1. Check B:PHE127: other-chain or 5+ apart residues with amide H under 5 Å from its amide H, H built from backbone geometry?
2. Can you tell me the Rg and the Dmax, both Å, for the Cα atoms in the range B:3-129?
3. Counting other beta carbons within 10 Å of each Cβ, put B:MET106, A:MET1 in order, fewest first.
4. Hey, what did the range A:1-113 get for relative contact order, percent, Cα under 8 Å, at least 6 apart?
5. Name the aspartates and glutamates eligible as straight-distance cross-link partners of B:LYS46: C-alpha to C-alpha under 14 Å, and not fewer than 8 places from it in the same chain.
6. Can you give me the Cα centroid spacing of the range B:317-362 and the range B:4-58 in angstrom?
7. Reachable aspartates and glutamates from B:LYS75, Cα under 13 Å, same-chain residues fewer than 8 places away excluded?
8. Note down the nm distance, to one decimal, between modelled labels 7 Å out along Cα→Cβ at A:VAL219 and at A:GLN239.
Amino acid sequence: MKIIVQDLATEYQDEGTGKVLLFLHGWQDNFHTFDSLASLLSPTRRIIRLDLPGFGKSEVPQEAWNLDNYIQFVKDFIEKLDIQVYAFVGHSFGGRIVIKGEATKNLQAQKIILIGSAGIAKNRTFRNSTLKLLAKIGGLITYIPPLIFWREGLRKRMYSFIGSDYLNTGKLKETFLKIISENLSVSAKKIAMPTLLIWGENDTETPLSDGKKLAGLIVDSQLKVIRGSGHFVHKEKSQEVSKLVQEFL
Amino acid sequence: MKKTIAVIFGGRSAEHDVSIITAHTPIIQSLLATGQFDVWPIYIAKDGSWYSDQAMNDLAYFTQDNFQAYLARQKKVQILFDNGLKIIWPGIRSKTIQIDIAFPAMHGTFGEDGSLMGLLRMAGIPFVGCDLFASAVAMDKVLTKQVLTAESISVVPYVWFTKNDWEINRSIWIEKIAKLNWPVFVKPVHLGSSIAITKVKQNSELENAIEVAFHYDDKVLVEESVENLIEITLPIMGNEELQLAAVERPLNKTEFFDFSDKYLSGNKKGGGANSQYSEIPANIDGELAKQVEDLGKKTYRTLGCSGIARIDFLVDGSSKQVYVNEVNTLPGSLYHHNWKKVGVSGVELVTKLIAFAEKRFVSQQKTTYIFDSDILKKAGGQKIGE
């Protein structure tokens, strides 16, 4: 169903009864990523999931957003639904929202669950900012003839080098660049809530080393690694993830 | 010589993408299969730009990954509406194509609401499907109910109001809605394809649902839901003499027939309304089916439909009371899956629709619209040249 938040039609799902778990999906994803996990948890909890602006069936923001815009949006969504969130569950980019939201006290819950969360990859910050610069330079110089004739081809090659996320980002390109430019180590240190970190052993998007770093930064945290699974561990091993979540809550 | 036909689709509406599917499956594919037509696709992008290129006769044009990039390189066309419809590609090597018949395939705002039909009427060419007046009434769910009620056709009890009404005094409307039998459906009045429709079960959900509807429209309808609901839909074609498709029962897997059920689920290629979730013919008793067919024909005529339309009914499973819910003047993909069941192929369907369009056009030509008058001579003031 839909709700209007910040004048954006937002698709969400609200199922089950009990303490509220609010699920935030990753970049280029939508709330259906949590389908199997939600069906395992909804008999005992109220599971609320939304398509973040720009993804799934929710409208795209008029301007390029940064992480703070997304945090404010989630805050407004919570107020509009008039709910008390017991725990946030953030996957990948959704994890960024939770980490910074909690650190800045804009989002508040009793507990936090981060699955393959983004935001910490310190060693990638250099790579990301370099890419951002390259993309900008590339964007400008390819307007000059004769490069302009190959602009599309060059762009595609550049994007495939940067990675699929960026290639598929389309309208949200600027938003993506704004978001990956933030390192959330400082924010993670400020989190005082009990936090469960769930990581796929073979995660290549946000490698296990990121999870370990986060575990070191967040005071009251525990890291659970699920063997033989990747970045979408909640889909691949939803039974195991659900069990960990139940125990933690 | 082959007749030149323009299939017009896309458009600035929430149903832009669905329109692309309808235009190709079955319209363009069937038109090409007849071998009788020179088919020109006219595609209106979401930003309102008009394009035409026969490469767009292939649905794959629109499904390719870098579709937007291709489109950006396309030259926009100009359309001339005086004494016939012409597509003009401007520039040094300019080209003009004269269109004999138009086949509108645009759902929703600007396409299905009569706007496009108005343009085509002014151009003076035959066009497929309902004319301006039926389209405009059918597009407005409230107006449809009002017209049908005047002809004693049953509709579900409802309340309607505009955004302004709502902003001035919400409590009046909330009070009126409270008197309906709950749960209720909140709908934007002009939107098709179940976009932004919410089933509201409790008071706390009502205002958010109304806000969602007003996000898409400035007029909102709140109507009762029907107990033990059996949904029925009936495609009809013809001008004076009507031909009925099979009485169809959409089977819902979700709370109600939503956008993706209607167009997407189970059929990734997008063959329009999807037969897996429908029962054709509906497994209902003969008397009820007959009642639906009669009511369908009466509704079609009351609204002044011509060419093709689909009538949606709500049937109370226990009392067997039949309500007409809405009229769709451009059924998604022309409901060709249903027509097939009654032995009308895609090719036959489009051929018949074109014949209806030409017939209506001829009869309209016989109507006199111009009168000689001396009113200008009698108008006051000094005449030029006097």
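1. B:ALA102
2. Radius of gyration, then largest Cα-Cα span, for the range B:3-129: 13.6, 39 Å.
3. Values: B:MET106 29, A:MET1 18.
With the fewest neighbours first, B:MET106, A:MET1 line up as A:MET1, B:MET106.
4. Working: 209 pairs, mean separation 33.8, N = 113.
Relative contact order, the range A:1-113: 30 percent.
5. Straight-distance partners of B:LYS46: B:GLU15, B:ASP17.
6. The two parts, judged by their Cα centres, are 19 Å apart.
7. Of all the aspartates and glutamates, those that pass the test against B:LYS75 - Cα under 13 Å, at least 8 places apart if same chain - are B:ASP53.
8. Simple spin-label model gives 3.8 nm for this pair.
Bear in mind that the values in this text are calculations on the coordinates, not laboratory data. Note that this is a predicted model, so its numbers are computed, not measured. Every residue, glycine among them, receives a Cβ derived from its backbone with ideal geometry; neighbour counts consider all protein chains shown.
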